[in-house]
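Engineer: Here it is: the structure, laid out below.
The values are calculated or read from the model by the stated rules, or taken from the named source; none is laboratory data. As the structure is a prediction and not an experimental result, all values here were calculated from the model. With ideal geometry, Cβ positions are generated from the backbone for all residues, glycine too; neighbour counts draw on all protein chains shown.
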Amino acid sequence: MDNGIWPNRANGKDVIIMASAQRLNSGAWRTQATKTVDGKQVRKSFTVKPEDSSKEASKRAKAQSELMAREWLFQTEEEETTKIITVNEAIDRYNKNRSEVLSESTIADYLRMKKYFTPILEKDINDISTDMLQRLINDMAMQTNRYGQRLNDRTIKNRIFYLLAVLHYCEINKTFNLRFPVPEEEKEYNPPEKSEFHRLLDNLETREDRLIIMLAGLYTLRRGEICGLRGKDILWDMHSIRVSHSRVLNTDKIWVLRPPKTKKSIRLIEIDPELMALFPHVGPQELIIERNPNECTKFFERLRKKACVDCRLHDLRKYAASIRSDIMPTKYVEADGGWKKGSKVLTTVYDRPFKESRHEYSKKFNNMAVEDYGKKLLG
């Protein structure tokens with residue numbers, strides 16, 4: 001027993017079990033065990049999360065984890081082989097486990113994943129092979145999205161890597177040699193130029209339209225944050241707004257308010273008193289914007305086509321960062337946009353020079369170069 005070998009008296013074979021459960025960073029206890037079934041090494045983990053933060057609950061969770069492992073080890077081989085876990089069941093188990101640590105919007109995306117694996121849902125997870133997964137990849141490569149475009153390699157990888165995570169969670173540690181479609185050169189979306197942003201403004205019709213574009217294009221708000229503003233978040237006396245919630249789609253496909261994923265996203269943004277007039281006066285719990293995030297995206301699609309501007313609603317956040325970078329230090333741009341200090345996203349994606357502004361700066365530099373050095377250079 002000291003060396004970790006426990007004789008399985010039920011089938012006369014030796015199995016290996018860790019001497020005790022291991023405590024995870026989450027506070028849960030996990031015991032790993034291995035035994036031979038049908039001539040194959042089968043390894044399983046048994047994780048139990050304490051009911052609360054007390055020492056007694058932690059001890060009970062540890063004991064239960066070890067007990068579950070021992071019970072599994074001493075099952076007969078016949079009992080074990082009758083317990084088949086299908087891909088469908090494995091996905092449900094994985095989603096249930098991850099729902100404790102991931103946001104509702106992420107879990108909602110996970111729940112939609114199952115439909116992509118219909119051909120193998122009833123297969124035993126132990127029977128999943130490289131050929132099965134490769135056929136899924138090949139089929140996905142021939143499918144199109146709602147815009148009639150072929151699925152790109154990133155979309156396909158996201159789906160397959162999710163399935164691999166499910167298999168890994170269920171202790172299927174096989175190596176799959178998979179081939180994905182050759183990545184296509186993706187279109188790069190940049191923030192609109194200043195003239196393009198003005199064209200968007202020229203085509204706005206309602207107060208709510210103007211408010212959405214102002215919050216995204218001038219004040220860095222994401223679409224969920226825009227739709228998550230309530231009456232109590234409008235600080236009239238301070239000429240500011242408080243961004244503390246985002247509107248997301250939960251697992252029941254209902255739009256709900258949730259705190260942001262990062263503390264940096266909770267912020268106070270000052271707004272000019274004149275522009276504050278765009279905000280409606282509503283009750284403390286009433287939403288400022290009636291549209292949900294998806295409706296905001298559809299509204300912007302219509303607007304950009306009308307204004308002949310090629311960008312997404314989220315790219316207006318890049319515009320807000322870029323116009324700020326011309327007049328304020330980076331740390332203040334980070335604070336207004338909810339980016340963490342030294343954010344690579346801000347510096348490599350959002351904080352890019354405008355073509356029109358670059359032309360103006362180049363013109364100023366060239367005038368200076370001719371004035372200061374032209375005579376000597378030209379002779």
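Engineer: Name the one entry in R230, R223 that is within 17 Å of S105 (Cα to Cα) and modelled with pLDDT of 90 or more.
Structural biologist: Within the list R230, R223, the selection yields R223.
Engineer: Would you point out the residue of segment 328-379, among those that are under 29 Å from I241 (Cα atoms) and among the basic types (K, R), that is modelled with the highest pLDDT?
Structural biologist: Here the answer is K331.
Engineer: Let me ask you something else. Identify, by number, the condition in (1) farther than 26 Å from V309 by Cβ; (2) in the same structural domain as T220 (by TED's automatic domain parsing) that R199 doesn't meet.
Structural biologist: (1)
Engineer: Right, another one. Looking only at segment 220-242, count how many residues are more than 19 Å from the chain's Cα centre (by Cα), touching a residue at least 40 places away in the same chain (Cβ under 8 Å) and surrounded by 15 or more Cβ atoms within 10 Å (Cβ to Cβ).
Structural biologist: Residues that pass the stated criteria total 5.
Engineer: Quick check: anything in segment 136-153 of a type in the set (S, T, Y) and out of contact with any Cys (no Cβ under 8 Å at 6 or more places or on another chain)?
Structural biologist: Scanning segment 136-153, I find at least one residue that is of a type in the set (S, T, Y) and out of contact with any Cys (no Cβ under 8 Å at 6 or more places or on another chain), so the answer is yes.
Engineer: Answer yes if at least one residue in segment 186-208 is of a type in the set (V, I, T) and over 30 Å from N88 (Cα atoms), and no otherwise.
Structural biologist: Scanning segment 186-208, I find at least one residue that is of a type in the set (V, I, T) and over 30 Å from N88 (Cα atoms), so the answer is yes.
Engineer: Within segment 319-341, restricting attention to residues that are touching a Phe, Trp or Tyr at 6+ places or on another chain (Cβ under 9 Å) and assigned to a loop (DSSP other than H, G, I, E, B), which residue is surrounded by the fewest Cβ atoms within 10 Å (Cβ to Cβ)?
Structural biologist: In this case the residue turns out to be D326.
Engineer: If I go through segment 262-280 residue by residue, how many of them are surrounded by fewer than 13 Cβ atoms within 10 Å (Cβ to Cβ), assigned to a loop (DSSP other than H, G, I, E, B) and within 31 Å of the chain's Cα centre (by Cα)?
Structural biologist: 1
Engineer: Could you count how many residues in segment 119-154 are within 20 Å of I84 (Cβ to Cβ) and not in a helix (DSSP H, G or I)?
Structural biologist: 6
Engineer: Based on what the data block shows, is P293 touching a Lys or Arg at 6+ places or on another chain (Cβ under 8 Å), closer than 15 Å to R210 by Cβ and touching a residue at least 24 places away in the same chain (Cβ under 8 Å)?
Structural biologist: Considered against the rule, which asks whether it is touching a Lys or Arg at 6+ places or on another chain (Cβ under 8 Å), closer than 15 Å to R210 by Cβ and touching a residue at least 24 places away in the same chain (Cβ under 8 Å), P293 comes out as no.
Engineer: Separate question: Need the failing condition index for D252 against (1) at pLDDT 90 or above; (2) acidic (D, E); (3) farther than 14 Å from R222 by Cα, just the number.
Structural biologist: (1)
Engineer: Across segment 165-189, which residue is farthest from H314 (Cα to Cα) among those that are at pLDDT below 75 and surrounded by 10 or more Cβ atoms within 10 Å (Cβ to Cβ)?
Structural biologist: Across segment 165-189, the extreme among qualifying residues is E184.
Engineer: Hey, among K174, K157, which residue is not in a helix (DSSP H, G or I) and not aromatic (F, W, Y)?
Structural biologist: Of K174, K157, the one residue that is not in a helix (DSSP H, G or I) and not aromatic (F, W, Y) is K174.
Engineer: Let me ask something else. Within segment 107-145, take every residue that is hydrophobic (A, V, I, L, M, F, W, C) and more than 20 Å from F180 (Cα to Cα) and give me the one that is surrounded by the most Cβ atoms within 10 Å (Cβ to Cβ).
Structural biologist: Looking at residues that are hydrophobic (A, V, I, L, M, F, W, C) and more than 20 Å from F180 (Cα to Cα), I get I125.
Engineer: From the list N97, N126, which one is over 24 Å from T262 (Cβ atoms) and either in contact (Cβ under 8 Å) with a residue 24 or more places away in the chain or in the same structural domain as P260 (by TED's automatic domain parsing) (or both)?
Structural biologist: Only one candidate passes the filter, namely N126.
Engineer: Can you pull out every residue in segment 301-318 that is crowded, with 18+ Cβ neighbours inside 10 Å and within 22 Å of the chain's Cα centre (by Cα)?
Structural biologist: Across segment 301-318, the qualifying residues are C311, L313, D315, L316, R317, K318.
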